[in-house]
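One structure is given below, encoded as structure tokens.
The values are calculated or read from the model by the stated rules, or taken from the named source; none is laboratory data. What you see is a predicted model; the values in this text were computed from it and never measured. Note that each Cβ is placed from the backbone with ideal geometry, even for glycine, and that neighbours are counted across all protein chains shown.
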């Protein structure tokens, strides 16, 4: 692509798809800057709105875990219903889904993989 700034020589830019004629290069660059700042704000806003629950869920999924368990309280939760108790605590640990040997629950989460 060639960018032509009126009154100046052409400037070649490889990445851009079409020819562009710029009347006011300063105004054009200001528009680009404003758009980049807007994009950055939107990305920052997305990052700032992430909850701890979402961060933990993403970590568990990325590392192949099925949920959390806490042997001290005898509770566990899977990714689909993460932190159903709404009261997670620091002893909740990442683990893997197992069938409940007592048949009382649909599953249990434990530290070892089946």
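Which ones in region 54-81 are farther than 18 Å from residue 100 by Cβ, modelled with pLDDT under 90 and in a loop (DSSP other than H, G, I, E, B)?
72 - this is the single residue of region 54-81 that is farther than 18 Å from residue 100 by Cβ, modelled with pLDDT under 90 and in a loop (DSSP other than H, G, I, E, B).
Of the numbered conditions (1) in a strand (DSSP E or B); (2) within 15 Å of residue 53 (Cα to Cα), residue 88 fails exactly one; give the number of that condition.
(1)
Could you tell me how many of the residues in region 68-85 are under 13 Å from residue 54 (Cα atoms) and out of contact with any strand residue (DSSP E or B) (no Cβ under 9 Å at 6 or more places or on another chain)?
Result for region 68-85: 0.
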